[in-house]
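Right, one structure below, let's go through it.
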Amino acid sequence: MSADSRQYSSFADPAAPNLSEALISLGNLRHNLACLRELAGPKRRVMGIVKADAYGHGAAEVTATLEKEGIRDFGVANIHEAIELKQSHAMQPDSHILAFAAPLAAHIPHYLEHGVEMTVCDHETVRAAETIAAAAGGRLRVQAKIDTGMGRLGVTPEKAHSLLELIDRCPNLDLVGIYTHFAEGHKPGGFTAQQLDQFLHIAHGYEQRTGTTVLKHAANSGALVSTPDARLDMVRPGILLYGCQPLDAEPTSVPVRPVMQFQCKVMFVKEVSAGTSISYGRTWSTTAPTRIATLAAGYADGIHRTLSNRAKIAINGQRYNQVGTVTMDQTMVDLGQDRSISVGDTAVLFGWNGPTAGEQAIAAGTISYELLCSVSKRVTRVFV
Ligand SMILES: Cc1ncc(COP(=O)(O)O)c(C=O)c1O
């Protein structure tokens with residue numbers, strides 16, 4: 001295994017190429033960050049969203065790259081991801097890491113121990129956090145999450161005022177931020193504007209009452225582009241950082257580039273006659289003599305089974321139809337009469353030399369987020 005690749009198995013022979021791999025372009029990541037910073041403006045903080053192993057790209061490597069570019073705020077899903085990232089030493093000790101999950105009581109001591117910022121959504125958690133921090137003689141950094149309409153996590157606007165007051169009365173808790181999350185941030189006006197108004201009403205009310213200012217943030221990728229007023233003190237882009245669009249069917253004008261190329265090897269090519277069925281369930285049959293390539297990746301690698309008979313796959317710059325049901329470890333492609341493809345060639349499922357993850361997501365009936373996150377640990381990440 002080379003220093004710049006991450007492989008799931010300890011087997012490594014430089015002469016034996018990876019059967020499936022995800023090339024991760026750290027150059028494209030830097031380019032995307034530059035685009036997002038330009039949108040956000042020079043005074044605003046940008047939080048790098050690196051949850052779910054940085055949307056499948058490798059949280060430690062992505063975080064280290066963003067750190068080198070001066071990013072000091074990171075967002076992860078929960079305390080487990082936060083600790084793993086802290087232990088990878090990808091972050092500077094004084095950088096901030098916020099876990100978005102609402103903590104269970106048993107998790108609170110770990111936020112304290114590892115210096116992870118905790119999301120608080122209710123009074124009970126605030127009280128538990130104060131008790132634990134006081135007993136340990138430590139201070140906990142907390143961010144209050146306000147549910148302005150996402151309907152997922154957060155204190156209701158009606159209870160937000162008393163939650164913030166309670167945090168302020170806790171000597172061992174430091175309120176370091178207030179945030180919310182949009183339900184359809186890519187759409188300007190309408191519900192997004194309503195959510196933003198409600199959030200600002202709460203945040204400004206708090207600031208006026210206390211005579212303090214607090215870090216306010218709300219914008220994911222969609223809202224960063226659609227709603228300049230939502231950029232506030234910090235923005236939280238994820239999907240645009242990784243070069244995909246918040247809505248695959250309606251790309252924004254931000255010129256981001258794919259960071260991941262998911263590819264695998266052609267491992268078998270055969271000639272078949274007309275009327276030959278291919279794969280489980282016999283969902284596709286040849287109508288004429290053709291050549292079928294079998295690729296060394298399947299749904300266990302991250303080629304969604306819903307792509308069966310729908311995906312286009314690029315081999316040596318040409319796009320071919322994927323045919324038959326995608327299986328756990330192998331996927332078939334119809335080469336037609338093309339004789340240029342042979343065993344050992346590279347097939348691109350998505351990336352800069354093939355369909356985009358967005359195109360593939362539309363074909364699979366999902367979103368690029370899900371395709372990126374489901375490239376499995378069996379797929380070696382190669383940082384280029
Ligand atoms: C709280 C929070 N902020 C920011 C993001 C980033 O969103 P996106 O990838 O759409 O930019 C997410 C991702 O879902 C999130 O949960």
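Outside any strand (DSSP E or B), within 30 Å of E359 (Cα to Cα) and away from the ligand (no atom under 16 Å from the Cβ): is that true of A193 in this structure? It is true that A193 is outside any strand (DSSP E or B), within 30 Å of E359 (Cα to Cα) and away from the ligand (no atom under 16 Å from the Cβ). Among the residues of region 143-184, those identified as within 16 Å of the ligand (Cβ to nearest atom) and touching a Gly at 6+ places or on another chain (Cβ under 8 Å) are Q143, A144, K145, I146, D147, T148, T180, H181, F182, A183, E184.
Within region 214-240, residues that are more than 8 Å from the ligand (Cβ to nearest atom) have Cβ atoms under 7 Å from residues that are among the acidic types (D, E) and part of a helix (DSSP H, G or I) in these pairs: V214/E207, counting only partners at least 6 apart in sequence or on another chain. Does Y206 count as among the aromatic types (F, W, Y), within 16 Å of the ligand (Cβ to nearest atom) and out of contact with any strand residue (DSSP E or B) (no Cβ under 6 Å at 6 or more places or on another chain)? It is false that Y206 is among the aromatic types (F, W, Y), within 16 Å of the ligand (Cβ to nearest atom) and out of contact with any strand residue (DSSP E or B) (no Cβ under 6 Å at 6 or more places or on another chain).
One residue stands out in region 150-176 among those that are under 15 Å from F100 (Cα atoms) and among the small types (G, A, S): the one that is surrounded by the fewest Cβ atoms within 10 Å (Cβ to Cβ), namely G151.
Residue-wise test of (1) of a type in the set (K, R); (2) under 20 Å from the mean Cα position of the chain (by Cα); (3) over 19 Å from V50 (Cβ atoms).
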position: R72; (1), (2), (3): yes, yes, no
position: K86; (1), (2), (3): yes, yes, no
position: R127; (1), (2), (3): yes, no, yes
position: G137; (1), (2), (3): no, no, yes
position: L140; (1), (2), (3): no, no, yes
position: I146; (1), (2), (3): no, no, yes
position: R152; (1), (2), (3): yes, yes, yes
position: S162; (1), (2), (3): no, no, yes
position: L166; (1), (2), (3): no, no, yes
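Filtering region 311-349 to residues that are over 16 Å from F262 (Cβ atoms) and in contact with a helix residue (DSSP H, G or I) (Cβ under 8 Å, 6 or more places away or on another chain) leaves G324, T325, T327. Would a scan of region 186-200 turn up a residue that is modelled with pLDDT of 95 or more, in contact with a strand residue (DSSP E or B) (Cβ under 8 Å, 6 or more places away or on another chain), closer than 30 Å to P93 by Cα and not assigned by TED's automatic domain parsing to the domain that holds Y369? So far as region 186-200 goes, no, none of its residues is modelled with pLDDT of 95 or more, in contact with a strand residue (DSSP E or B) (Cβ under 8 Å, 6 or more places away or on another chain), closer than 30 Å to P93 by Cα and not assigned by TED's automatic domain parsing to the domain that holds Y369.
Scoring A101 on the criteria (1) within 30 Å of K265 (Cβ to Cβ); (2) free of Cβ contacts under 8 Å to residues at least 60 places away in the same chain leaves a single failure, condition (1).
The values are calculated or read from the model by the stated rules, or taken from the named source; none is laboratory data. Note that this is a predicted model, so its numbers are computed, not measured. Methodologically, a virtual Cβ is constructed for each residue, glycine included, from the backbone with ideal geometry; neighbour enumeration extends over all protein chains shown.
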